[in-house]
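Notes for the one structure printed next.
The values are calculated or read from the model by the stated rules, or taken from the named source; none is laboratory data. Every value quoted in this text rests on a predicted model; they were computed, and no experiment measured them. Cβ: placed from backbone, ideal geometry, glycine included. Neighbour counts: every protein chain shown.
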Amino acid sequence: MGWGEGRPVASRHRATRQAPRCHPQADRLSGGETSVASEPTIRHELVARVRREIAAGTYDTPEKFDIAMERLLARLERE
């Protein structure tokens, strides 16, 4: 089974019966119009590499965890 195939998708909106809410930045857009230049670029090769690493169990490493913790602590100290 490939990534995301055959897995149920949980939706908090379905469970609460509330309409989805837009991100605050989305509210600032006039009528939901965006330019193509403002759309994020998908880095397909990076996505494929990360998916391979996750499948192989090599994506999460102690070094990456340490970096993430340092960044989180620094952010919390700024706030």
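Overview of values
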quantity: Members of region 51-79 that are in contact (Cβ under 8 Å) with a residue 24 or more places away in the chain and charged (D, E, K, R); calculated: ARG51
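So that you can scan it fast, the table gives a plain yes or no per residue for (1) modelled with pLDDT under 90; (2) exposed (fewer than 10 other Cβ atoms within 10 Å of the Cβ):
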residue	(1), (2)
PRO20	yes, yes
GLN25	yes, yes
LEU29	yes, no
ARG49	no, no
PHE65	no, no
ARG78	no, yes
